[in-house]
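Computed from the coordinates by the stated procedures, all read-outs in this text should not be read as laboratory data. Treat the numbers as computed from the prediction; the structure is a model and nothing was measured. Virtual Cβ from ideal backbone geometry, glycine too; neighbours counted across all protein chains shown.
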Amino acid sequence: MKYSQELAHNYSANRSEYNDTDPVLFAELEAVGLVGKRIIDMGCGDGSHALWLAEKGACQVIGADLNEPMIALAKEKASQQANVNFLLADGSKLPIASKTMDVVVSNYVIHYFPQAVHIFNEISRLLKDDGYFIGTFNLTDVEEGFEHLYNQAMPIRLQHSHGSVLINNLIKPRSEIVQAIAHSALIVLKELEINNLHSVVDESYPYKNYIKKQSVLMVLQRAKRSTQSSP
Ligand SMILES: C[S@@+](CC[C@H](N)C(=O)[O-])C[C@H]1O[C@@H](n2cnc3c(N)ncnc32)[C@H](O)[C@@H]1O
């Protein structure tokens with residue numbers, strides 16, 4: 001999805017109010033250990049998490065994002081940090097060598113990829129053996145008969161104290177995520193349902209009564225031996 005300059009600025013200006021799910025994400029990241037690690041923040045937005053990862057001792061942090069206004073904000077924020085770099089790139093096709101990352105982190109980004117299999121294969125390609133993916137995203141299941149909504153845009157309102165930001169997510173069913181992970185070299189270590197109080201399906205959405213949006217955190221690990229070949 002395209003983030004205009006206005007949307008990127010609005011999102012970034014209110015980012016500190018959308019951080020109610022950060023503690024659970026940070027706890028899982030700290031549990032795998034960050035000191036001396038090479039980490040990519042996929043869909044890094046304005047770079048807030050990339051900076052936090054560097055403060056926690058990661059030796060190299062790469063923030064990648066598809067939208068130029070987000071990368072520009074991130075570069076401004078991190079201009080003094082030698083070990084943090086930002087890349088304007090699609091998360092499913094990153095110009096980074098295979099098996100070079102200890103951790104891939106991604107906060108509310110997976111539901112933007114039209115085909116989950118592409119992003120989980122890319123995550124699995126980037127990770128070293130035993131490396132971790134730790135990410136949050138929306139899973140949205142639909143009532144029987146509404147399967148045509150899969151991968152269609154759904155308007156999400158992110159509420160903050162003096163207004164809201166409207167962004168489109170794709171409707172991403174659990175079945176697609178499960179199949180994509182099974183097709184990669186990743187295994188599921190943990191899944192938590194998390195309460196994202198600021199993110200609600202917009203009232204204008206005509207199918208809101210036929211869908212159920214869930215917010216989840218997954219911890220995945222790249223299996224040591226895999227038949228999948230790296231490109
Ligand atoms: C909801 S924001 C989350 C940003 C950041 N992770 C955070 O926690 O603030 C989603 C981000 O995903 C980025 N994004 C969307 N599609 C992408 C893609 N195909 N590749 C990389 N980034 C993408 C958007 O530009 C946006 O910055």
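Quick notes on this one:
- Residues in the stretch 49-87 that are surrounded by fewer than 22 Cβ atoms within 10 Å (Cβ to Cβ) and within 12 Å of the ligand (Cβ to nearest atom): LEU51, TRP52, LEU66, ASN67, GLU68, PRO69, ALA72, LYS77, LEU87.
- Condition broken by LYS2, with the remaining ones in (1) more than 23 Å from ILE119 (Cβ to Cβ); (2) out of contact with any helix residue (DSSP H, G or I) (no Cβ under 8 Å at 6 or more places or on another chain); (3) in a loop (DSSP other than H, G, I, E, B) satisfied: (1)
- Residue match in the stretch 137-158 (condition: free of Cβ contacts under 8 Å to residues at least 40 places away in the same chain and surrounded by 15 or more Cβ atoms within 10 Å (Cβ to Cβ)): yes
- Unique residue being of a type in the set (Gly, Ala, Ser), within 11 Å of the ligand (Cβ to nearest atom) and in a helix (DSSP H, G or I) when the list is ALA8, ALA27, ALA31: ALA8
- Of the candidates SER124, SER164, SER106, the single residue that is free of Cβ contacts under 8 Å to residues at least 12 places away in the same chain and in contact with a strand residue (DSSP E or B) (Cβ under 6 Å, 6 or more places away or on another chain) is SER164.
- Members of the stretch 100-131 that are part of a loop (DSSP other than H, G, I, E, B), surrounded by 14 or more Cβ atoms within 10 Å (Cβ to Cβ) and more than 9 Å from the ligand (Cβ to nearest atom): THR100
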